[in-house]
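S.K.: Here's a structure for you.
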Amino acid sequence: MSSSDQPPAGSAGNDAADSEHAPTRDAGWHRAARRARLLSWVSLAYMAAEGALAIIAAVLAGSVALLGFGLDSVIEALASIVIVWRFTGARTLSETAEARAGKAVAVTFFLLAPYIAYDAVTALLARDHPGTSWLGIAVSIVSVIVMPVLGIAKHRLGTRLDSPATRSEGTQNLVCAYLAGAVLIGLLGNTLAGWWWLDPVIGLGIAALAVSEGLESWRGEDD
């Protein structure tokens, strides 16, 4: 069993007991649960590749927005791990596991904001000019295409499963698509028009959006 499948300390008994009192689920619900877990594995693999390429491109170009995008991929990977954990074993039918997963996904939003905000403000004050990053542009374009597909699918599965945690993970994928579009605009603006300030401004927007989505996810408002 991987570390992502290990329940939090002291929770195994609670989840097992909770699942005994959970409402009966039909075969279609269980298929949807397996599909949600599979999509989270797919997301995890994609985020690993996306994050690595974006961070490499950010370091080479000195791009705050691109670095924020890469770190966001790492945070989204953590959310995918939470959903895999949520739909593994006895936790699949556990309302307690659902509640814990929802809070854990919300926390992942908060992990992104402080570093990116600091880096963006520093870049603005120092007037750092990011370089051109064709690798970053390519990664952003692919994510604009891929992320909405995953996000919409998870929203539908979350509704079918009555799982706010799954819908919140889908929201993270949609946010990733928005961020990819914003980063793409920043990179093209810098490359084509020399608008160096657009990159850290978008970085600040990423930080603010992460906090906003985290608060909504914590309250269970996953629209």
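The values are calculated or read from the model by the stated rules, or taken from the named source; none is laboratory data. Bear in mind that the values here come from a model prediction, so they are computed numbers and not experimental data. FYI the Cβ positions are ideal-geometry reconstructions off the backbone, even for glycines, and counts take in every protein chain you see. Note: accessible area is taken over every heavy atom of the protein model, side chains too, but ligands, DNA and RNA are not part of it. Shrake-Rupley method; radii C 1.70, N 1.55, O 1.52, S 1.80 Å.
S.K.: For W134, indicate whether it is closer than 21 Å to I185 by Cα and among the aromatic types (F, W, Y).
M.R.: yes
S.K.: Select from segment 165-216 the residues that are open to solvent by 10 Å² or more (accessible area, probe 1.4 Å) and among the hydroxyl-bearing types (S, T, Y) and write down the one among them that is nearest to A117 (Cα to Cα).
M.R.: S212
S.K.: Here's a follow-up. Counting only residues that are in contact with a helix residue (DSSP H, G or I) (Cβ under 7 Å, 6 or more places away or on another chain), in a helix (DSSP H, G or I) and not small (G, A, S), how many does segment 129-151 have?
M.R.: Residues in segment 129-151 being in contact with a helix residue (DSSP H, G or I) (Cβ under 7 Å, 6 or more places away or on another chain), in a helix (DSSP H, G or I) and not small (G, A, S): 9 in total.
S.K.: Scan V42, V82, V74 and give me the residue that is within 20 Å of V107 (Cα to Cα), touching a residue at least 12 places away in the same chain (Cβ under 8 Å) and open to solvent by 60 Å² or more (accessible area, probe 1.4 Å).
M.R.: V74
S.K.: Still on this structure: Condition (residue is free of Cβ contacts under 8 Å to residues at least 40 places away in the same chain and assigned to a helix (DSSP H, G or I)) applied to segment 157-165: is it met by at least one residue?
M.R.: Yes - at least one qualifying residue is present in segment 157-165.
S.K.: For residues that are in contact with a helix residue (DSSP H, G or I) (Cβ under 6 Å, 6 or more places away or on another chain) and open to solvent by 50 Å² or more (accessible area, probe 1.4 Å), tally how many sit in segment 110-128.
M.R.: Filtering segment 110-128 for residues in contact with a helix residue (DSSP H, G or I) (Cβ under 6 Å, 6 or more places away or on another chain) gives 110-113, 116-117, 119-120, 123-124.
From what's left, open to solvent by 50 Å² or more (accessible area, probe 1.4 Å): 110-111, 124.
Within segment 110-128, residues that are in contact with a helix residue (DSSP H, G or I) (Cβ under 6 Å, 6 or more places away or on another chain) and open to solvent by 50 Å² or more (accessible area, probe 1.4 Å) number 3.
S.K.: Quick one: count up the residues across segment 85-103 that are part of a helix (DSSP H, G or I) and surrounded by fewer than 21 Cβ atoms within 10 Å (Cβ to Cβ).
M.R.: Residues in segment 85-103 being part of a helix (DSSP H, G or I) and surrounded by fewer than 21 Cβ atoms within 10 Å (Cβ to Cβ): 6 in total.
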